[in-house]
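Just below is one structure, and these are the notes that go with it.
The values are calculated or read from the model by the stated rules, or taken from the named source; none is laboratory data. Note that this is a predicted model, so its numbers are computed, not measured. Every residue, glycine among them, receives a Cβ derived from its backbone with ideal geometry; neighbour counts consider all protein chains shown.
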Amino acid sequence: MRSLRIFATSLLTAITVTSPAAGAAEPSASDIVKRSLDTYYYAGSDMRSKVQMKLINPQGKVREREMTMLRINLGAAGDQRYYIYFHGPADVKGTSFLVWKYPAKEDDRWIFVPALRLVKRIAADDKRSSFVGSDFTYEDVSGRDVDDESHALVRKESLGGRPAYVIESKPKAADYSRRVSWIDAERWLPLKEEYFDARNEPLRTFTAEKVEQAGKYWTVTARTMKNQQSGHRTEVVFREVEYDVGLKQDIFTERYLRDAPSQWVR
Amino acid sequence: MIAALNDVARAAAATAAVSLVLASPLAAGAAGVAWDGFVQSHLARRSHQVDCPPGTACEFPAAELRGQLKAEGKISSGGAGFLGRFDLVHDAAVGDTRLVTREFFGDLTSEKAAARLGRQVVTWGVGDLLFVNDTFPRDWVALFTGQPMQYLKLGSDALKLNLFPGAANLELVIADFRSDNVPTSQRFIFADPLPAGLPRHAAEPGGLEISGRISGYLENWELAGYASRTHHRSPAWRVMGAEIIGTYPRLNTVGASVTGPLGKGVVSLEAGYFDSRGDRDGRDPSIENSQFRGLIGYSRQVWEDATVGFQFYGEWMRDYAAYRQSVPTGFPVKDHVRKVATVRFTQLFAHQTVTLSFFAFLGLSEEDRYLIPSLRYSFSDNLWTEVGANLFGGGRNGMFGSMRDNSNVYVTVRYSF
């Protein structure tokens, strides 16, 4: 009798734990988003990639940016440092950016202007402003905090042959009112994101065009952000993606902002 | 003896520079040499009619066509490299065509140290168009005629050594003297208290100048200390018999700067002491007196793609009583403390293809001003145009007010390749 009660209690506990609503063992919406942010923005202890960005206006006119991007993760708090070097176009060649990113406060940002050999610290309190004129914001490039939005799991469905969680996120303060994300249920990468404005009109759409494995890590190597209201879009291709290459923290300082580290910036 | 040593040092430096610069491209062959450049036309027109003396480019203080070719290379290990930036300029305003070496240097780099030898631009300090500890040569003519900002600084012929021992970076610059490009009657009109008609001759000082900087981080604040053994970069004129002789008096400077986040913006502080060695007691009216200089600046983003910045700057003349006693009649009298405020506003539009910018120098003590509005549009990655103005106003005794007959509007078009 006693063993039966234990069995029943265990069973009940198991049911309670494993099936909040639908009957399958689903993580919470926040856990899905957290895991997705970790996979997308924090893979490896460091990362190096060549990045090609095409800014395409509604008339089809293309502007191009060719960059090397270096990233290092620092500690458990989520601090990161980014180094971005511009190979082109000719007028901005040699310009470099340094970002010290903190999840809980404003980033520190610097720019190096090569013709003047000038390092300038830039005031940056808005992570949602455009990154070099593209449809991606600084936040899209370097990530947001899971607690910046509240998340709800809408459903699970297949997108482009991949199983995906569909999550609706509402920001506490932003230029969009809600964001619907399709997150790969096995690889944890965002496959698609739709942003809506305050009138619930589509604002921007992110699409992962190509997902590849770079070393141990699944990586979105081609991505597009389209402004649904202006028709302007930005296509980004990551090439030569490498993780855990052994970047040192001093790469992300003024010295290398002034003189690109040639071992990594080629 | 010192002079002889200097000559030897200079000859050795020149030889080393040439061999480094020549050897680097050969060595860089493996990694390849990258070429790029631009062609640019720049026209500045005086904004109102004034009577110019003969010999002054009156209607158009600048009317030039410029082509720049840049070559750079690095060996595949990254341990050595070079960069050359050469401008061919035809300036119709003054009827001049010349080839200018903007920069031409070779680099040797290792984990803990780096050396750069040749003509190079060096920029220090945290001011925005205000300079305290950056004593390197500048081109004021380029600024006052609206040239793109990259022409604000002139290259120094120098050996720059960097050491990276760990927490701090050390930079040492040993340079040949180069004067500022200061406004002259070739393009500008201003009151000249010196007697007219006498021939002028400025003699550049011999000997090498030495400047050092130590910099580092304290958390996310940046601290730097500076010292320079240099010269004033604009000439001190004095009448000697039947001619006017210009010299560049000795100057030592020492100072510090700090910059970091404050609230939602960036705060910058910089201070320095200018020890005018040629006039220690402040009684020589032709030489600038010793000064303390300081600035405080704050900039922050106000909304998307828009930034504002403010600065307050002061120059405290040390021996003011001596200066007042020695300043000749007819010369404008400077204030004990010269105070300047600046305002900058920048807004980007249309995916950052349009840049609207406004910069103002406001002379608080001299009651003068210098306003620089500009609008730039990038047609494509290769082609941009900018229209803008350099508007001087206020009391003619002030530094900016003395330029008030030189207000101009300009247009620049650049095609990069």
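Pairing residues of the stretch B:313-329 that are within 27 Å of B:Val126 (Cβ to Cβ) with residues that are assigned to a helix (DSSP H, G or I), at Cβ distances under 7 Å and at least 6 apart in sequence or on separate chains, gives B:Met317/B:Tyr323.
In the stretch B:251-288, the qualifying residues are those that are over 21 Å from B:Leu129 (Cα atoms) and of a type in the set (Ser, Thr, Tyr), and the one that is farthest from the other protein chains (Cβ to nearest Cβ) is B:Ser286. The set of residues in the stretch B:120-159 that are facing chain A (nearest Cβ under 10 Å), closer than 26 Å to B:Gly37 by Cα and not in a helix (DSSP H, G or I) comprises B:Gln120, B:Val121, B:Val122, B:Thr123, B:Trp124, B:Phe136, B:Pro148, B:Lys153, B:Gly155. For first residues located in the stretch A:205-218 and at positive phi, partners that are among the charged types (D, E, K, R) and lie 6+ apart or on another chain with Cβ distances below 9 Å form the pairs A:Gly215/A:Glu242; A:Gly215/A:Asp244.
Annotation note: Cβ proximity below 6 Å between a residue of the stretch B:130-159 that is farther than 24 Å from B:Gly272 by Cα and a residue that is assigned to a helix (DSSP H, G or I) and at pLDDT below 95 (sequence gap 6+ or interchain) occurs for B:Gln150/A:Ala115; B:Gln150/A:Leu116.
Being crowded, with 19+ Cβ neighbours inside 10 Å and in a strand (DSSP E or B) is a property that holds for B:Leu251. Restricted to the stretch B:160-186, and to residues there that are more than 30 Å from B:Glu219 (Cα to Cα) and of a type in the set (S, T, N, Q), the residue that is nearest to the other protein chains (Cβ to nearest Cβ) is B:Asn181.
Taken over the stretch A:112-154, the residue count meeting the criterion of being in a strand (DSSP E or B), more than 9 Å from chain B (Cβ to nearest Cβ) and of a type outside the set (Asp, Glu) is 7. One residue stands out in the stretch B:297-321 among those that are over 29 Å from B:Leu375 (Cβ atoms) and not hydroxyl-bearing (Ser, Thr, Tyr): the one that is farthest from the chain's Cα centre (by Cα), namely B:Ala321.
Could you tell me whether the stretch B:389-400 includes any residue that is of a type in the set (Phe, Trp, Tyr) and under 30 Å from A:Phe131 (Cβ atoms)? No, that holds for no residue. Look at the stretch B:280-292: where a residue is touching a residue at least 12 places away in the same chain (Cβ under 8 Å) and part of a loop (DSSP other than H, G, I, E, B) and a partner is aromatic (Phe, Trp, Tyr) and buried (at least 16 other Cβ atoms within 10 Å of the Cβ), sitting 6+ places away or on another chain with Cβ atoms under 7 Å, you get B:Gly282/B:Tyr323; B:Ser286/B:Trp237; B:Asn289/B:Tyr323; B:Ser290/B:Phe274. Taking the stretch B:374-405 only, how many residues are over 23 Å from the mean Cα position of the chain (by Cα), within 21 Å of B:Arg344 (Cβ to Cβ) and within 14 Å of chain A (Cβ to nearest Cβ)? Qualifying residue count, the stretch B:374-405: 3. Looking at the stretch B:296-308, is at least one residue closer than 30 Å to B:Gly260 by Cα and more than 14 Å from chain A (Cβ to nearest Cβ)? Checked against the condition, which is being closer than 30 Å to B:Gly260 by Cα and more than 14 Å from chain A (Cβ to nearest Cβ), the stretch B:296-308 yields at least one hit.
Selection within the stretch B:64-79: residues that are crowded, with 19+ Cβ neighbours inside 10 Å and in a strand (DSSP E or B). The member of this set that is nearest to the other protein chains (Cβ to nearest Cβ) is B:Lys74. Listed by position, the strands (runs of 3 or more DSSP E) inside the stretch B:349-417 whose residues that are surrounded by 20 or more Cβ atoms within 10 Å (Cβ to Cβ) number at least 3 are B:368-378, B:383-394, B:408-416.
Among residues of the stretch B:406-417 that are touching a residue at least 40 places away in the same chain (Cβ under 8 Å) and more than 10 Å from chain A (Cβ to nearest Cβ), those with a Cβ under 9 angstrom from a residue that is buried (at least 18 other Cβ atoms within 10 Å of the Cβ) and of a type in the set (Asp, Glu), sequence gap 6+ or separate chain, pair up as B:Tyr410/B:Glu386; B:Val411/B:Glu386; B:Thr412/B:Glu386; B:Val413/B:Glu386. If you filter the stretch A:227-266 down to residues that are within 13 Å of chain B (Cβ to nearest Cβ) and in a strand (DSSP E or B), you find that the one that is surrounded by the most Cβ atoms within 10 Å (Cβ to Cβ) is A:Thr234.
Going through A:Arg65, A:Arg109 one at a time, which residue ends up being in contact with a strand residue (DSSP E or B) (Cβ under 9 Å, 6 or more places away or on another chain), modelled with pLDDT of 95 or more, more than 8 Å from every other protein chain (Cβ to nearest Cβ) and not in a loop (DSSP other than H, G, I, E, B)? Exactly one residue qualifies, and that residue is A:Arg65. Checking the stretch A:35-49 against the condition returns no match, with no residue being facing another protein chain (nearest Cβ under 9 Å), assigned to a strand (DSSP E or B) and of a type outside the set (Asp, Glu).
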